[in-house]
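The values are calculated or read from the model by the stated rules, or taken from the named source; none is laboratory data. Not measured: the values here are computed from a predicted model. Don't worry about glycine lacking a Cβ; one is built from the backbone with ideal geometry, like all the others, and counts go over all protein chains shown. Only protein heavy atoms, including side chains, enter the accessible area calculation; ligands, DNA and RNA are left aside. Shrake-Rupley method; radii C 1.70, N 1.55, O 1.52, S 1.80 Å.
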Amino acid sequence: MRLVSITKQKQISETMILVTGAAGQIGTELVSELRQRHGPQNVLAGRHKTPLPEEIASSGPSEIVDVTNLDQLKAIVQSHNVTRIFHLSSILSALAESNIHAAHQVNINGVFNILTVALEANVEQVIIPSSIAAFGADTPRESTPNDTIQRPSTTYGISKVFTELMGNYFYTRFKLDVRGLRLPGVLSWKTEPTAGTTDYAVAMFYGAIAHNKYECYLGPDTILPMMYMPDAIKSLLDLSTASINTLSHHSDFNVHAMSFTPSELASAIKKINPQFSITYNVDPLRQSIADSWPSSLDDSAARKEWGWQPDFDMAALVNDMYSNLEDKLK
Ligand code: SER
């Protein structure tokens, strides 16, 4: 944290946190939590094309941030004296396959721009989520080790391996404090996700509440790692505040909370809404992406190095998600 001397005896720390992708599924909730912790004026919500929800736009500062534009990014970071960046802008797995050029611009050039600007502007810490997509079909699928074979077959996954390696490189070469973790599918009810492969899980709740039915684009037995949003936010904040002295890894931590299949999720939802029914219409592209990803992760490095522990299991997630989304959609 940057220290500003106000008297000879007393020092205060001055923090300005930039969140890119602040209009996204994770960004909206991370900005709210950071504004509660650090004060609304100290959290800058960076968005690009998607407008910010009203509560984020009105509760603190915001900027249009194009991470592919190095000069514009640098001007924003410098003019706001940004000290910490949560870089969440990203084109997720399914959407990236339909526009690999845009995905390369945002997910690879954008990450490199963020790291370059952070270094030049003396930003103290950069957090960039990676993903289970950083693994591939050659990776051990069950209890995937933290450090293992990574040969992803998707453009999104390739960009996440780049992000992990470049983050570790900026730490080793320039001592820039870059940290990251591999998020699984994240379920939440506040901001709807749309571009990922794991998003069927959120869409199933919307279908169950609005229409008592859902047609799933993944097969019934496709098992994938998942996490509830409060745990995803906790993981990012706990990693950010961990003492650097306890970290052996930096940009590439596995984190695990639960794994389930579409059919298991449908059964859990049916217990709350007995009228709910699921059908399957498999999309070969998204199925092949899901089949190349781990079914569960060994997150012992995160547990040991910064105390990672999730709060929500599947039953707690399903109950909380269903009742909050039902209230929201009423
Ligand atoms: N949830 C992401 C996706 O499906 C994985 O990180 O693209």
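Is it the case that Asn69 is within 16 Å of the ligand (Cβ to nearest atom), open to solvent by 10 Å² or more (accessible area, probe 1.4 Å) and more than 22 Å from Asp252 (Cα to Cα)?
Here the answer is no, as Asn69 does not meet what is asked.
Taking the condition of being open to solvent by 60 Å² or more (accessible area, probe 1.4 Å) and of a type outside the set (D, E, K, R), how many residues in the stretch 293-330 meet it? First the steps, then the outcome.
Taking the stretch 293-330 and keeping what is open to solvent by 60 Å² or more (accessible area, probe 1.4 Å), we get 300, 303-304, 309, 311, 313, 315, 319, 326-330.
Narrowing the set further to residues that are of a type outside the set (D, E, K, R) leaves 300, 309, 315, 319, 329.
Looking only at that region, the number is 5.
Are any residues in the stretch 152-209 among the β-branched types (Val, Ile, Thr) and closer than 16 Å to Gly136 by Cα, and if so, which ones? Don't jump to the end; show me each part of the working.
As a first pass, look at the stretch 152-209 and keep what is among the β-branched types (Val, Ile, Thr): 154-155, 158, 161, 163, 172, 178, 186, 191, 194, 197-198, 202, 209.
Within the stretch 152-209, Thr154, Thr155, Ile158, Val161, Thr163, Thr197, Thr198 meet the criteria.
Considering the stretch 149-175 alone, what residues qualify as being part of a loop (DSSP other than H, G, I, E, B) and either near the ligand (Cβ under 10 Å from one of its atoms) or open to solvent by less than 10 Å² (accessible area, probe 1.4 Å) (or both)? Working first, answer last.
Residues of the stretch 149-175 part of a loop (DSSP other than H, G, I, E, B): 149-154, 175.
Thr154, the sole residue that qualifies.
Take the stretch 37-66 and flag every residue that is in a helix (DSSP H, G or I) and open to solvent by 20 Å² or more (accessible area, probe 1.4 Å).
Step one: filter the stretch 37-66 for residues in a helix (DSSP H, G or I), giving 37-38, 40-42, 54-59.
Answer for the stretch 37-66, where residues must be in a helix (DSSP H, G or I) and open to solvent by 20 Å² or more (accessible area, probe 1.4 Å): Arg37, His38, Pro40, Gln41, Asn42, Glu54, Glu55, Ala57, Ser58, Ser59.
When Val123 is evaluated against the numbered criteria (1) away from the ligand (no atom under 13 Å from the Cβ); (2) under 19 Å from the mean Cα position of the chain (by Cα), which criterion, by number, is the only one it fails?
Unmet for Val123, out of (1) away from the ligand (no atom under 13 Å from the Cβ); (2) under 19 Å from the mean Cα position of the chain (by Cα): (2).
Just name the residue that is nearest to Pro230 (Cα to Cα) out of those in the stretch 177-203 that are open to solvent by less than 10 Å² (accessible area, probe 1.4 Å) and away from the ligand (no atom under 13 Å from the Cβ).
Filtering first and then ranking leaves Arg179.
Please go through the stretch 103-120 and pick out each residue that is within 15 Å of the ligand (Cβ to nearest atom) and more than 20 Å from Tyr171 (Cβ to Cβ). Give the steps one after another, and end with the answer.
Of the stretch 103-120, the ones within 15 Å of the ligand (Cβ to nearest atom) are 103, 106-107, 111.
Matches in the stretch 103-120: Ala103, Val106.
Go through (1) among the aliphatic types (A, V, I, L, M); (2) within 16 Å of the ligand (Cβ to nearest atom); (3) in contact with an Asp or Glu (Cβ under 7 Å, 6 or more places away or on another chain) one by one and return the number of the condition Ile76 breaks.
(2)
Looking at (1) more than 20 Å from Phe205 (Cβ to Cβ); (2) in contact with a Lys or Arg (Cβ under 9 Å, 6 or more places away or on another chain); (3) open to solvent by 20 Å² or more (accessible area, probe 1.4 Å), which is the only condition Leu285 fails?
Tallying (1) more than 20 Å from Phe205 (Cβ to Cβ); (2) in contact with a Lys or Arg (Cβ under 9 Å, 6 or more places away or on another chain); (3) open to solvent by 20 Å² or more (accessible area, probe 1.4 Å), Leu285 fails exactly one: (2).
Would a scan of the stretch 24-36 turn up a residue that is modelled with pLDDT under 95 and either part of a helix (DSSP H, G or I) or open to solvent by 30 Å² or more (accessible area, probe 1.4 Å) (or both)? Steps first, please.
In the first step, residues of the stretch 24-36 are kept if they are modelled with pLDDT under 95; the result is none.
No: the stretch 24-36 contains no residue that is modelled with pLDDT under 95 and either part of a helix (DSSP H, G or I) or open to solvent by 30 Å² or more (accessible area, probe 1.4 Å) (or both).
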